[in-house]
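Peer 1: Would you mind keeping the following structure in view while I ask a few things?
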Amino acid sequence: MDQKINKSGCLYHIRIKGDLNPESLGWIDDARVIDQDKNETLLAVRIVDQPALRGVMDQLWNLNFTVLSVTKAE
């Protein structure tokens, strides 16, 4: 799924273990899901501030995903 990413905020790459259905991302704005090898998924998302990043991380935790890495891409 290739969606336009919002220009405000900082771009983050969040790598998680498992496959994430792009349709289940209604709780996050302007996220792009990039399938990876080894049963991993990369999320590319612009996040406006640290509280918003914490909210994304909490939601991934609530969905029982293992976060492998978080990288600020800019």
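Each reported figure results from applying straightforward, stated rules to the coordinates on display, with no laboratory input. Owing to the predicted nature of the structure, the values given are computational and were not obtained by experimental measurement. We place every Cβ from the backbone using ideal geometry, glycine too, and count neighbours over all the protein chains shown.
Peer 1: Go through Thr71, Gly18, Thr41 and say which Cα lies farthest out towards the positive end of the charge dipole of the chain; charges sit on Cβ, +1 for Lys and Arg, -1 for Asp and Glu.
Peer 2: Thr71
Peer 1: Taking the chain as the reference, fit the longest principal axis to its C-alpha atoms, fit the long axis of helix 50-62 to the helix C-alpha atoms, and give the angle between the two in degrees, 0 to 90, nearest 10.
Peer 2: Rounded to the nearest ten degrees, it is 20.
Peer 1: Hey, another quick one. Taking a cut-off of 13 Å, what percent of all Cα-Cα pairs in the chain are separated by more than that?
Peer 2: In whole percent, the long-distance tail amounts to 64.
Peer 1: Separate question: Gaussian network model of the chain, Cα springs within a sub-10 Å range: biggest mean-square fluctuation belongs to which of Leu42, Leu20, Leu63?
Peer 2: Leu63
Peer 1: Between Ile47, Ile28, Ile16, where does the largest GNM mean-square fluctuation fall for the chain, given springs only between Cα atoms within less than 10 Å?
Peer 2: Ile28
Peer 1: Would you mind telling me which residue in Arg15, Arg32, Arg54 has the biggest mean-square fluctuation in a Gaussian network model of the chain, where springs connect alpha carbons within a distance under 10 angstrom?
Peer 2: Between Arg15, Arg32, Arg54, it is Arg54 that shows the largest mean-square fluctuation.
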